[in-house]
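The values are calculated or read from the model by the stated rules, or taken from the named source; none is laboratory data. Note that the coordinates shown come from a computational prediction; the quantities given were computed from them, not determined experimentally. Here the Cβ positions follow ideal geometry from the backbone for every residue, glycine too, while neighbour counts run over all protein chains shown. Surface accessibility is based on the protein's heavy atoms, side chains included, excluding ligands, DNA and RNA. Shrake-Rupley method; radii C 1.70, N 1.55, O 1.52, S 1.80 Å.
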Amino acid sequence: MTRIADLRRDYRRQRLLETEVAANPLHQFQVWFTDAVNAELPEPNAMTLATIGLDGMPAARVVLLKELDERGFVFFTNYRSRKGQELAHTPKAALVFWWAELERQVRIEGTVERISAAESDHYFATRPLGSRWGAWASQQSEVLESYAELEAKLAQIEARYGEDVPRPEHWGGYRVLPTLIEFWQGRPNRLHDRLCYRRTEGGWQMVRLYP
């Protein structure tokens with residue numbers, strides 16, 4: 001049996017230099033995200049979302065980035081879910097992207113806001129039909145007695161709406177408005193490159209961090 005402590009990998013693919021990155025971290029993220037897509041990585045838009053629990057404990061799960069613009073990073077979920085309740089109580093979050101094949105990580109911290117109903121409506125209409133039914137059928141994060149119960153709810157929703165499925169009011173998007181974005185590039189001997197951008201009143205400021 002392999003010892004967990006023996007699992008290690010030396011990173012050597014690339015450097016991350018101040019002279020080669022964008023002044024705006026959102027633009028730099030677009031560059032790295034495009035690299036991840038072009039490398040045909042599995043689920044390049046998968047990101048760990050960390051929130052602050054109602055009891056003060058952190059909670060994390062993987063969600064999918066669905067939109068990115070100058071304002072921030074957008075994902076969608078049920079507003080009544082655990083993460084929805086946590087964000088309503090404390091509208092702050094952290095995100096992590098891990099692209100192992102490129103030996104890259106991006107960390108993001110910021111405040112969170114709901115996107116507009118019109119924006120949520122627009123995205124909801126682009127979802128596969130089954131996913132739109134599912135948004136109505138699932139009482140996300142609530143206790144489910146059996147999968148058969150969920151299948152029965154789904155059948156009821158399918159019969160009720162057919163292909164004309166409106167967006168539930170309890171389902172929509174959140175935007176993470178970044179105040180910190182850190183880019184991490186793996187390097188040999190664990191001496192990794194770390195460039196950290198912080199938002200200030202005068203714009204973004206970048207520093208290099210010890211690995």
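Quick check on segment 180-189. Is at least one of its residues assigned to a helix (DSSP H, G or I), free of Cβ contacts under 8 Å to residues at least 24 places away in the same chain and open to solvent by 60 Å² or more (accessible area, probe 1.4 Å)? Looking through segment 180-189, none of the residues is assigned to a helix (DSSP H, G or I), free of Cβ contacts under 8 Å to residues at least 24 places away in the same chain and open to solvent by 60 Å² or more (accessible area, probe 1.4 Å). Of all residue pairs spaced 6 or more apart or on separate chains, those with beta-carbon atoms under 7 Å, a first member in segment 147-172 that is without any contact (Cβ under 8 Å) to a residue 24 or more places away in the chain and a second member that is in a helix (DSSP H, G or I) are L150/A137; K153/A137; L154/W133; L154/G134; L154/A137. The set of residues from segment 190-203 being surrounded by 19 or more Cβ atoms within 10 Å (Cβ to Cβ) and either closer than 21 Å to F73 by Cβ or of a type in the set (S, T, N, Q) (or both) comprises L195, Y197. Selection of segment 9-26 for residues being under 26 Å from the mean Cα position of the chain (by Cα) and open to solvent by 100 Å² or more (accessible area, probe 1.4 Å) yields R9, R13, R15, E20.
To keep it simple, each residue is scored yes or no on (1) farther than 22 Å from H170 by Cβ; (2) charged (D, E, K, R).
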residue	(1), (2)
N24	yes, no
F29	yes, no
N38	yes, no
G84	no, no
A100	yes, no
R114	no, yes
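Listed here are the residues, each with its yes/no results for (1) open to solvent by 60 Å² or more (accessible area, probe 1.4 Å); (2) free of Cβ contacts under 8 Å to residues at least 60 places away in the same chain; (3) of a type in the set (D, E).
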| site | (1), (2), (3) |
| --- | --- |
| I52 | yes, yes, no |
| L68 | no, yes, no |
| E86 | no, yes, yes |
| A125 | yes, yes, no |
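The residue that is nearest to the chain's Cα centre (by Cα), among those in segment 114-162 that are of a type in the set (V, I, T) and in a loop (DSSP other than H, G, I, E, B), is I115. Of the residues making up segment 130-171, just one is open to solvent by less than 60 Å² (accessible area, probe 1.4 Å) and at positive phi, namely G162.
Here Y174 passes the criteria (1) in a helix (DSSP H, G or I); (2) touching a Phe, Trp or Tyr at 6+ places or on another chain (Cβ under 8 Å) except the one numbered (1). Is it the case that some residue within segment 96-103 is open to solvent by less than 50 Å² (accessible area, probe 1.4 Å), within 21 Å of D35 (Cβ to Cβ) and in contact with a Ser or Thr (Cβ under 9 Å, 6 or more places away or on another chain)? Yes - at least one qualifying residue is present in segment 96-103.
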